Each structure stands twice: as C-alpha cells, then as structure tokens.
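Asks: Encoded as structure tokens, here's the structure I'll be asking about.
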Amino acid sequence: MSVSTNLPIIALRGMTILPYMVIHFDVSRKKSIKSLEYAMKNGQKIFLVAQLYPDTINPERKDVYDVGTICEIKQLVKMPGGLIRVLVRGLERAVLDDFTSLEGPLMGDVITFEDEENLIPGAERDARVSLLKDMMKRYYIDTARNQGDNIARLKAICSLNEITYTSLSECTTDYVERQDVLNIEDIIERFDAVCDIVCDKIEEIDIKKKLTESVRKRVDQNQKEYFLREQIQAIKEELGDDNVEDEIEEFRKATNELEAAEEVKDKILREIRRYENMSSNSSESNVVRNYIETMLELPWDKYSVDCTDIDRAEQILEEDHYGLAKVKQRMVEFLAVRALTEDTNSPIVCLVGPPGTGKTSIVKSVAKAIDRKYVRICLGGVRDEAEIRGHRKTYVGAMPGRIIEGLKQAGTGNPLMLLDEIDKVGSDSRGDTASALLEVLDGEQNSAFRDHYIEMPVNLSHVLFMATANDISTIPKPLLDRMEVIEINSYTATEKFHIAKNYLVKKQMENTGLKRKQISFTDDAIRKIINSYTREAGVRELERMIGAVCRRVAKAVVSGEQLTHRITVRNLENYLESVKYIPENKSNTDQVGLVKGLAWTSVGGTSLDVEAILMPGKGVLTITGKLGDVMMESSKVAFAYVRSIASKYGVKPEVFEKNDFNIHFPEGAVPKDGPSAGITISLAILSAVTGRKVDCNIAMTGEVTLHGKVLPIGGLKEKLLAAGTIGIKKVLIPNDNTKDLAEIEQEILDMVEIVPVKTMQDVIKYALKER
C-alpha cells in the first residue's frame, strides 16, 4: 500500500541521507533555504534526495535520483555568509514522483510505502538482525571503534530496517554506494546488499593488516642487513683488507684503455679512489659511481672519419630529398673544404622555414651523406639552463646536460648534432637556455665547453651543429649571430607533386605493406590531393592524406573486397571522403574600396582582402579585423597619406571631416600583423573617397611611408605563389624587392606578371581605374 504526500524538497550535492541517520549539513542555495522555511512552518518534514551530478546548479527532475529520505528537521542555525546549518533525522524511505513547483520552495509529490518488515516471520527477522549485529561488532573491533556508545547503541537496535541503514551509514561514506542500496525496493535484498558491503569492508581491513605486517617485517630485515653490512665494512677496515673489488678493477681497466687526455684519466682515477673508500650503501657512493660511468662512456678523443666523396654525398642528398638546393650546396661545400684542409671547425647552420618543409629530414640525410653519427636534441619548450649545461654532481639524481648526453649516444666526438626547434627555447627563474647555447654554438669557445656535471673541458669544435626553426624573429640576436641561416621556403604545387610521387607514395606503401600491383596513383589524383585536401607550406598533411588512402586500400585488400586499386580523380572521394578545401578564387568584378593584398603566414602565403568605406559622421577612423600594433600603425599612416593627397584627386577636405571611415580586414578571427599591407590599405581608402574602382586582376604588397614611398617586404616567394594560385594576373611589388626575384623558381614567375613600383603614384596608375 502506498501513500502520496506533497513535501518541500532539497536536492543534496554529493550526499545521501538514510533513514535513522542524524546528521547536519549546510544549505546555501536560495531555493533550498525557501524549502527549509516552508518545512519549518508546516510540520518540520522535508524530503532529501541526492543529485545525479553534484555540479548541477539548478536541478530539475531529471537531475536527481528517484529515491530519497523523508526527514524531520531538528535544528536550524544561521551561519555567516548566508549559510544555514540544518540538523535532520531520517524517518523513512520514499520515492519521488515529480516536482510540483519550481518557483519559491522546491515542492514535489513523494510516495511512501507500507513497512515490509512486519511481513517477515519474527524468527527470521531476529536472526537477520542478530547476524548483522555480530558483523558490525567485528567491524568495530577491527577498526578500533569498539569503545564508547557504538556497541551499546548497536545492542539497542531491534528493527531490521534500522540495523540495515545504520550499518550502511557506518561502513561507507560514498554517497553513490549508499544511494544504490537505498534504491533497492525489497527489504531482504537491501539487507543482503548491506551484508555484502560490511563483509567487503572487514575483508579489506584484514588485507591491510597483513600488508602492514609484511612491510614492517621487510623494514626490520633491511635494517638488520644494513647493520650487518656496516659491521663487515668496519671489520675490513680494522683488518686492513686492501683487496680491490671486481667493479673497481673494471673501472681502472676501462680508464687505462680510454682514448682521452691524461688530465681526464687522472680525474677519473681520483674519483675511483674516492668510490673505493666509501660505504656502498651511502647515497654519495651512487653519485660517484654514476659520475665514473659517465666519464668512461664519453668519446673524449674518439672520432669517426668523414666521407669526402662529393659525388656520393650529392647522390645521397638527391635520392632522399627533392629541391632544397641551398642546403645541399652548403653541405657539399663543407665536404670540399674538409678535403682540402685540416681545419676542424665545422659550420653552424640554421634551417629556417615553415613546418613540414623537410628541415629535420634533410639533416638526417646530411649525416648519412658525410658518414657521421646523427643525434637529435629537441629544444622546444626547454626552459632550464641545466638541460644544456647539466646539474652539479653534488645533488642526488644529478645528470649531464643534453649536449653531453648526445655525445654519449653518438659514441664519437664529431657527430652531426641537430638542435631542433631552436626558436622555441624559453627562460625563467631557472636560467636562460638561449644564453647557455651561446658557448655551445661559438666556434671560438666550444673547444673547451664545460658541463656542470662533468667539470672537465669537453671539445665540441669537431661537432657539426645544425639547427631548425620556424621563425627567426624569436631567436635572440646574439644566438642568431652565431649561426649561418639558410631559408627553406614553401613548396610550390609542382614541388609537392614530385615529392609525393617520388617519395611519399613509396614511403606510405612501405608503411602499410602494400605492393605496386595493389595500389597506384594517377598524376591528376595526386594533384587533387594537393589542391583540395591540403593547405600547407610543407608536405606533412599531404603525407597523412596519402597514408589515409593506403590504409583504406590495405583494409580492402586484407578483407578480400578488392585486390587492386587505381586511385584516380573520379574515385578519390571514395578513399578520402569529401574535399576539405575549396580553392579560393579572385573576384571577377572591379569594386570600390576593395583591394586584394598578399600576406605571409607560418604555413605559406595567402591573399588578404582590404575593405574601406565611408559614412556620414565626424571624421572618426575605425580599423577592424584582429590586427597587431604594427598593422594598426600602418593603417593610420596609409590614412594620413591619402588625406594629404586627396585634393589632387578632387576630394574636398570636408569629406574627411563629415564622414567616418572604417577599414576592415575579413576573417576577423585570424590574427594579422606587419607593415606589408600599407599600399593595399592606402589604395582601398583612396578608392573609397574618390569612388573609383580597383582592378580586380591586380594584387599588391608593400609598406608605405607618409610621403608615399613604397618600402621592401619579406616572404615574396610565398606571396607570389598565393597570388598565382587564385588566378591573379598581375602583382605589384616594391622596386627594392626585384633583387629577390633571382632566387624564385621560374615556375612561380610564369604564373603572374610582376610590376615593380617605387611610389604610391605608381600603384595608383596601375590599379585604380578611371571613372
């Protein structure tokens, strides 16, 4: 038989209150406080139910459990900060039907049921109560809580419901575990669940006791062994036993065979004597032992022989990489110099370029071409100077820096050591990593590099250091001055095609275990992957796309669906889904106040539209598009220049006084900065104030001064490539940048007509149309 009652409700966070429990908790939510006030005025009864997720701020019916407890409020105490501390006693289990009011106090219909305890035969009920009492006594004894009122209170319980809920509240504080038991409708099943929990707790306590005893015995045994070893050591010292242990003898033998200077050997022998006289159990002995092993593993005077066969080196570099002519030429020059002279100083080369352009992999090929060991040291995010110079060996756990570890790994004193991501080193309270690299990369100083751990000069002048970076602007000037910078620019579409066809496809076929007869790519399919599925300066994403196709083919081959696959433009989407990028197209109509600019990004060049409009106002200039400080200043310079020459184009001064101006750079979520959009902004403003349209077939790049002079810019190759890709026919570039055209591939130069400009008047002549 069930009874429905409308009661105020509080949703509890991280707490389940059971019948017969007496507990206090704090209430802070306004809705809960109103429920308390309503209950105090209407019989002091309230329904408490746990939330499914404690972080829910305003719980609804779906956010609370179905079963809770009707409680009687015993005491309310107002606390500082608007809190109310309430003391309640659980009365009976009840089921929540639904919320009836969400405004004011939280109200709901609560269903209670007839007590099933009376339906259980008396003998069975008494036996179950007695069983759980005995289990709880055992639990209290095991947890050392068998004193005070616990046992007496336990004896006074006669009800099966009361002993069930009391045992549950005593054995677990996990509100989810309590709620799981409270959700059980049948009283016998509820009793059995609680018995299982109490048994698990008793068993857990027994296991903990056994483990504690086992640990105590091991500690006693270790202490006993320690004292015995100390006694043996003391006896040896008293007897004057000078027998050298095997390990020390091995150290001395290795020292005598070591290819190193005498001062290095003397240092190692002194440390061996110290180690010999130390207790083997002391932490200091481990420090000395590690130091000796490190010193013996270093290749002090051990060097590999360089291969000076220039033809072989060129062949290896050409086989492994397409393009990168500057890097290949510099390495061949290095080999030629080594063949003619005994000079041991090696060049320190820094390869700078966008991600995925082959900087790290070309270094591996260089090491292979000149027969040197290859060691890679990643400096991205390194902030601790000790990563370079090592830790003082007086500290427990000290170790040498990464440079010395690299020499150990190589096993020779003249490896090729790659300092990867050198532009991403940092500095903090633990030192400046970039400053620590100054000595490493200085050919006049690194012949006597001192690592804090080694404490001896190490000759790094034979090491061929190469570094990679994405952006040299973040490299400190003194460090950059020590390196020879070679820029690796973005790949053209043709270069990507050759790289994919000759290198990436073969590599991915090997990675996936496919044979030539099982998969083939048409040239057009590779070009479509490049143009429609990737947008990058390098080829990393291109390699991933080719790998995705190969994996799809591998699955089909293994499952027996299709044994041969020819990847074409028509079926490419069956392997790579729909295209990711729709090629950007230029505007085909001339417009007022809209100019096509060009920009450089870390992943290559891109087009940059500049929009300018004027509207009635008071001469306010607004610049939008998430711009950096340099670009904001460039926009103001462009506006000032246009204002100074506007009268020559029939624009009255009142236009600037009675109108507001807005310069906008679309794609407002993308950060933009730099001065190279100066002429683009100037032309957009002039077009807006004169009403003359801008030629849609022209793009431009260049910094502008207040007097209209066009200054040179960087990233010219990437910008020209971006213009040609979207179909631009003519590009205006600063006249001072014409010298850079000699280093740009003819393929890119053939894509667009390049027009050098010296002043804004030249820009206006070419790009601004007559009315």
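The values are calculated or read from the model by the stated rules, or taken from the named source; none is laboratory data. Predicted model only: the values in this text are computed from it and were never measured. Heads up, the Cβs are rebuilt from the backbone with ideal geometry, glycines too, and the neighbour counts pull from every protein chain shown. When the accessible area is computed, the model is the full protein with side chains, heavy atoms only, and any ligands, DNA or RNA have been set aside. Shrake-Rupley method; radii C 1.70, N 1.55, O 1.52, S 1.80 Å.
Asks: Is it possible to state the helix-based mean residue ellipticity at 222 nm for the chain, with each DSSP H run of 4+ residues giving -39500 (n - 2.57), the sum divided by total residues, to the nearest 500 deg cm²/dmol? What is it?
Replies: Helix-only estimate at 222 nm: -13000 deg cm²/dmol.
Asks: Based on the mean of other Cβ atoms within 10 Å per residue, sort peptides 103-116, 61-74, 357-370, 554-567 so the most packed one is first.
Replies: Top to bottom by mean Cβ count within 10 Å: 357-370, 61-74, 103-116, 554-567.
Asks: Nearest 10 degrees, 0 to 90: what angle lies between the long axis of helix 160-171 and the longest principal axis of the chain (Cα atoms)?
Replies: 40
Asks: Report residue 590's accessible area, 1.4 Å probe, all protein chains in place, as a number in Å² to the nearest 10.
Replies: 40
Asks: Right, something else. What is the ratio of the Cα radius of gyration of the chain to 2.2 N^0.38 Å, where N is its residue count, to two decimals?
Replies: The value comes to 1.45.
Asks: Under the definition of Cα pairs under 8 Å and six or more residues apart, what whole-number percent is the relative contact order of segment 103-189?
Replies: Relative CO of segment 103-189 lands at 31 percent.
Asks: Pick out, from 71, 494, 300, the residue whose Cα sits farthest towards the positive end of the charge dipole of the chain, with +1 on the Cβ of Lys and Arg and -1 on the Cβ of Asp and Glu.
Replies: Farthest towards the positive pole: 494.
Asks: Run through every distinct alpha carbon pair of segment 447-534 and return the Kirkwood hydrodynamic radius in angstroms, one decimal place.
Replies: 17.8
Asks: Quote the relative contact order of the chain in percent (integer), defining contacts as alpha-carbon pairs under 8 Å separated by 6+ residues.
Replies: 7
Asks: Leaving out ligands, DNA and RNA but keeping every protein chain, what accessible area does residue 524 have, in Å² rounded to the nearest 10, with a 1.4 Å probe?
Replies: Result for residue 524: roughly 90 Å² accessible.
Asks: Can you give the charge dipole size of the chain about its Cα centre, rounded to the nearest 20 debye, using +1 on the beta carbon of Lys and Arg and -1 on the beta carbon of Asp and Glu?
Replies: Using Cβ point charges on Lys, Arg, Asp and Glu, the chain gives about 2760 debye.
Asks: May I pose another question? With all pairs of different alpha carbon atoms counted, what Kirkwood hydrodynamic radius in Å does segment 293-449 show?
Replies: Evaluated on segment 293-449, it is 17.0 Å.
Asks: How much accessible area per residue does segment 520-649 have, counting only protein heavy atoms and a probe of 1.4 Å, in square angstrom?
Replies: With the other protein chains kept in place, segment 520-649 gives 54 Å² per residue.
Asks: Further question: Considering only DSSP beta bridges whose two residues both sit in the chain, what percent are antiparallel, to the nearest 5?
Replies: For the chain, the DSSP antiparallel bridge percentage is about 60.
Asks: Note the direction-averaged projected area, equal to a quarter of the hull surface, for the Cα convex hull of segment 45-147, in nm².
Replies: One quarter of the hull surface, i.e. the mean projection, equals 10.6 nm².
Asks: Follow-up. List, largest first, the extents of the alpha carbons of segment 672-771 along their principal axes, each in whole Å.
Replies: Cα spread of segment 672-771 along its principal axes, largest to smallest: 39, 26, 25 Å.
Asks: Against the longest principal axis of the chain, how steep is helix 283-297, in degrees 0 to 90 to the nearest 10, with axes from Cα atoms?
Replies: 30
Asks: Check each of the trypsin sites (Lys or Arg not before Pro) in segment 662-761 and keep only those in coil by DSSP with at most 16 other C-beta atoms within 10 angstrom; list them in order.
Replies: Qualifying residues, ordered by number: 729, 758.
Asks: May I ask you to give the percent of accessible area on segment 252-392 that is carbon plus sulfur, with a probe radius of 1.4 Å?
Replies: Ligands and nucleic acids excluded, carbon and sulfur reach 45 percent.
Asks: If you don't mind, another one. Over 25 Å between Cα atoms: which of 652/672; 359/477; 424/739; 326/580; 555/580 fall into that group?
Replies: 652/672; 424/739; 326/580
Asks: Identify, among 447, 358, 617, the residue whose Cα sits farthest towards the positive end of the charge dipole of the chain, taking +1 on the Cβ of Lys and Arg and -1 on the Cβ of Asp and Glu, with the dipole about the Cα centre.
Replies: Ranked along the dipole, the leading option is 617.
Asks: Quick one: pull the percent of accessible area on segment 495-584 belonging to carbon and sulfur, 1.4 Å probe, ligands and nucleic acids left out.
Replies: 46
Asks: Continuing with the same structure: Going by average Cβ density within 10 Å per residue, which order do the peptides 467-473, 301-307, 8-14 take, highest to lowest?
Replies: Packing proxy ranking, top to bottom: 8-14, 467-473, 301-307.
Asks: Which residue, chosen from 651, 549, 340, occupies the Cα position most advanced towards the positive end of the dipole of the chain, where the dipole is computed from +1 (Lys, Arg) and -1 (Asp, Glu) charges on Cβ about the Cα centre?
Replies: Farthest towards the positive end: 651.
Asks: Determine which lysines satisfy two conditions relative to residue 267: a Cα distance under 25 Å, and not lying fewer than 8 residues away in the same chain.
Replies: 253, 302, 393, 408
Asks: While we're looking at this one, here's another question. Throw me the Rg/Rh for segment 641-711, computed over C-alpha atoms with Kirkwood Rh, two decimals.
Replies: Over the Cα atoms of segment 641-711, Rg/Rh equals 0.97.
Asks: For a quick check: with amide H placed at 1.01 Å from N, whose amide H comes under 5 Å from residue 15's, ignoring anything fewer than 5 positions away on the same chain?
Replies: Answer set, sorted by chain and number: 51.
Asks: Helix 359-369 versus the longest principal axis of the chain: what angle, 0 to 90°, nearest 10, using Cα atoms?
Replies: Once rounded, the angle reads 70 degrees.
Asks: Segment 392-457: which trypsin sites (Lys or Arg not before Pro) are DSSP loop and have at most 15 other beta-carbon atoms within 10 angstrom?
Replies: Listed in order of number, the matching sites are 392, 430.
Asks: Arrange the residues 444, 484 by how much accessible surface each exposes, largest first, with a 1.4 angstrom probe.
Replies: Listed by decreasing accessible area, they come as 444, 484.
Asks: List the GluC sites (Glu not before Pro) in segment 322-395 that DSSP assigns to loop (not H, G, I, E or B) and whose Cβ has at most 12 other Cβ atoms within 10 Å. Which are they?
Replies: Loop-located and lightly packed - 342.
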